[in-house]
Amino acid sequence: MNPPVLLRARGLTKAYGAQTVLHPADFTVAEGEVRALVGANGAGKSTLMKILSGAIEPSGGQVELHGEPAPLGRPTEMLHRGIACIYQHSNLVPEMSVLDNLVLGRVPTRAFGVVDRRRMRAEARTLLTRHGVELDLDAPVGVLPTVKRKEVEILRALALEARVLLMDEPTGWLSVADVARLHATIRGLRSRGVGIVYTSHLLDEVFAVCDSVTVMRDGRIVADAPIGSLDRAGLIRLMVGETLAGATRAAAPTAPAELAAPRGAPRLRCNGLSRRGEFQAIDLEVHAGEIVCITGLVGAGRTELVRALFGAAPPDAGTLELDGRATTIGSPREAIAHGIGFVTEDRHRDGLLLNLGVAENLILATLRRHCRAGLLLAARVRAAARRWIAALNLQPPDPDRPVRLLSGGNQQKVLLGKWLALRPRVLILDEPTVGVDVGAKAEIYATLRAERARGTAILVVSSDLEEVLAIADRILVMNRGRIVSTRPGPGTGVADLVREFGGVA
Ligand SMILES: Nc1ncnc2c1ncn2[C@@H]1O[C@H](COP(=O)(O)OP(=O)(O)OP(=O)(O)O)[C@@H](O)[C@H]1O
Ligand SMILES: [Mg+2]
């Protein structure tokens, strides 16, 4: 007998003005089912998730929960009916403790409205034990590693007795080991009958943890199948459409072939670079026309190191050279003046002005080039923006669209384009393809290879080993703040790297 259906959507649609982004969609989640929702950037996955969580109202259609009509467009009521959503960008309050975050919005009170902390704590303890999660209830959420924060979010959903958990790219910033932990949590929930909808661009993950898969393309549901009935190539074909499938094959890991040995003085070099508690004695070189990747576990000090190279957090010790000349970089502004670009891992915090348009964001860093006597040359800005929109295959190709209205993967492309437009001599990228779909990843890799061919020195921090193996000329593994190995990209395998990752202190 099939397990009972928890959630059933019928004919859901969404239009923004004249643009329909979701065509009539039918969708079910059963008890104990982990359903993957996959598709290219902009396919409509987040839109569907937001409708199901009540965050946006559909233009048409219905949702039933346990056979009853759901209160669409009312997130709090959806939550009380048992639907919880976990977004890639957490909505926890970092300054508050784990305990306070867990009970946010449903504080148990004693008579006269006095908060009953003892009861809160006891309830939270029960929750932790029941789900086998270890957390310090008094730690501020802000100091926890990302995977622990995800656990707090999941627990908070469970505290409200969610029966359906929607997870929109939950593993975006997680490392291999943390993803495995999260998957274990998900399997535990499944065995307790929770229904889960899971979006991810990492297809290995989809095959590892999901039971069924819904594929979206251009705002339509194009397939709904048990995961066992598909292989990777078949799934990609469904995502991109038969005609395009050949083109995405380039997304499969390929070693860079056209490699010459690095020549001349390194474009960027550091010696003995240290910052207390973050990284120690780092020696590193990146030549013009070379892609160097730094990998390792989240928490190994990789982001801290590249932030120091960009002048965002000065090192305590060590030296830096650009083209053989000793240099100090005291601020990001100085770094940019030296021709260094930095694509950050957190596009929402550091990278983009979400309310401005695509064109404005793309040319933000190169503003001066488009000014004449202090006036912004609007026509020039748009022409420059159009070139980058085409080069990155931005969807939709509209220079005036506010960036906040773009899908996650397309926002990431804007961020990349913004720095490429600067024509940097050194380009540093931190997790450049988080949230980017398989096809667009291939496009970004091609763009990086073209930059390398132009002679840019490229330094990439990435946890995605397929990515590292696909683009790196040289691979550095960091572990606990130190570089523990250096290897050529070609000829290296996943197993070689994982062995060197070690644990995080
Ligand atoms: N508020 C809005 N106004 C207009 N268009 C929007 C709005 N929000 C989303 N869109 C459009 O809806 C389409 C679907 O976006 P959605 O975020 O659902 O894609 P996605 O499948 O989640 O993509 P990604 O993998 O990049 O996260 C995109 O073309 C996007 O530009
Ligand atoms: Mg999305």
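Which one is surrounded by the most Cβ atoms within 10 Å (Cβ to Cβ), of the residues in region 354-409 that are at pLDDT below 85 and at positive phi?
So the residue we want is 374.
Considering only region 245-268, I want to know if a residue exists there that is assigned to a strand (DSSP E or B) and either modelled with pLDDT of 90 or more or assigned by TED's automatic domain parsing to the domain that holds residue 37 (or both).
Among the residues of region 245-268, at least one is assigned to a strand (DSSP E or B) and either modelled with pLDDT of 90 or more or assigned by TED's automatic domain parsing to the domain that holds residue 37 (or both), which makes the answer yes.
Which one of 30, 18 is touching a residue at least 24 places away in the same chain (Cβ under 8 Å), surrounded by fewer than 20 Cβ atoms within 10 Å (Cβ to Cβ) and in the same structural domain as residue 214 (by TED's automatic domain parsing)? Step through it out loud before you land on a result.
Working: 18 fails: touching a residue at least 24 places away in the same chain (Cβ under 8 Å).
Residue meeting the stated conditions: 30.
Any residue at all in region 483-490 that is in contact with a Gly (Cβ under 8 Å, 6 or more places away or on another chain) and crowded, with 18+ Cβ neighbours inside 10 Å? Show your work before the answer.
The first filter runs over region 483-490 and keeps only residues in contact with a Gly (Cβ under 8 Å, 6 or more places away or on another chain), leaving 484.
Within this subset, residues satisfying the condition of being crowded, with 18+ Cβ neighbours inside 10 Å are none.
Checking region 483-490: not a single residue is in contact with a Gly (Cβ under 8 Å, 6 or more places away or on another chain) and crowded, with 18+ Cβ neighbours inside 10 Å.
Within region 21-44, take every residue that is of a type in the set (A, V, I, L, M, F, W, C) and more than 11 Å from ligand 1 (Cβ to nearest atom) and give me the one that is farthest from residue 393 (Cα to Cα).
Filtering region 21-44 for residues of a type in the set (A, V, I, L, M, F, W, C) gives 21-22, 25, 27, 29-30, 34, 36-38, 40, 43.
From the residues that got through so far, the ones that are more than 11 Å from ligand 1 (Cβ to nearest atom) too are 25, 27, 29-30, 34, 36.
Numbers: 25: 26, 27: 30, 29: 33, 30: 37, 34: 32, 36: 25 Å.
Across region 21-44, the extreme among qualifying residues is 30.
Looking only at region 6-20, filter to residues that are at pLDDT 95 or above and of a type in the set (A, V, I, L, M, F, W, C); which one of those is farthest from ligand 1 (Cβ to nearest atom)?
Filtering region 6-20 for residues that are at pLDDT 95 or above and of a type in the set (A, V, I, L, M, F, W, C), the one farthest from ligand 1 (Cβ to nearest atom) comes out as 6.
Quick check on region 13-30: of everything there that is hydrophobic (A, V, I, L, M, F, W, C) and part of a strand (DSSP E or B), which residue is farthest from ligand 2 (Cβ to nearest atom)?
The first filter runs over region 13-30 and keeps only residues hydrophobic (A, V, I, L, M, F, W, C), leaving 15, 18, 21-22, 25, 27, 29-30.
Add one more test, that the residue is part of a strand (DSSP E or B), and what stays is 15, 21-22, 25, 27, 29-30.
Working: 15: 18, 21: 11, 22: 13, 25: 15, 27: 16, 29: 18, 30: 23 Å.
For region 13-30, the residue satisfying everything is 30.
Could you identify the single residue in 52, 102 that is modelled with pLDDT of 90 or more and buried (at least 19 other Cβ atoms within 10 Å of the Cβ)?
Numbers: 102 fails: modelled with pLDDT of 90 or more.
Exactly one of 52, 102 is modelled with pLDDT of 90 or more and buried (at least 19 other Cβ atoms within 10 Å of the Cβ), namely 52.
Return the residues of region 142-172 that are over 13 Å from residue 102 (Cα atoms) and either assigned to a loop (DSSP other than H, G, I, E, B) or assigned by TED's automatic domain parsing to the domain that holds residue 297 (or both); say none if nothing qualifies. Don't jump to the end; show me each part of the working.
Kept after step one, since they are over 13 Å from residue 102 (Cα atoms), are these residues of region 142-172: 142-147, 162-172.
Residues satisfying the conditions are 144, 145, 162, 163, 169, 170, 171, 172.
How do the strands (runs of 3 or more DSSP E) wholly within region 31-108 filter down when requiring 2 or more residues that are more than 16 Å from ligand 2 (Cβ to nearest atom) and farther than 19 Å from residue 215 by Cα: which remain? Can you show your working first?
Details: elements: 34-39, 60-65, 83-86.
Those strands (runs of 3 or more DSSP E) span 60-65, 83-86.
Restricting the first residue to region 198-209 and requiring it to be assigned by TED's automatic domain parsing to the domain that holds residue 234, which pairs with a second residue that is within 13 Å of ligand 1 (Cβ to nearest atom) and in a loop (DSSP other than H, G, I, E, B) meet a Cβ separation below 7 Å and a spacing of at least six or different chains?
Partner pairs satisfying both residue conditions: 199/169; 200/169; 201/435; 201/436; 201/437; 206/200.
Would you kindly identify the helices (runs of 4 or more DSSP H) lying entirely within region 394-505 that contain at least 2 residues that are out of contact with any strand residue (DSSP E or B) (no Cβ under 6 Å at 6 or more places or on another chain) and free of Cβ contacts under 8 Å to residues at least 12 places away in the same chain? Explain how you work it out, then say what you get.
On the way: elements: 408-420, 438-453, 465-471, 494-501.
Passing ranges, in order: 494-501.
Determine, yes or no, whether residue 168 is touching a Phe, Trp or Tyr at 6+ places or on another chain (Cβ under 7 Å), within 16 Å of ligand 2 (Cβ to nearest atom) and among the acidic types (Asp, Glu). Can you show your working first?
Numbers: touching a Phe, Trp or Tyr at 6+ places or on another chain (Cβ under 7 Å): yes; within 16 Å of ligand 2 (Cβ to nearest atom): yes; among the acidic types (Asp, Glu): yes.
The answer is yes for residue 168.
The values are calculated or read from the model by the stated rules, or taken from the named source; none is laboratory data. This structure is a prediction, so every number in the text was calculated from the model and none was measured. In this analysis, Cβ positions are derived from the backbone assuming ideal geometry, glycine residues included, and neighbour counts consider all displayed protein chains.
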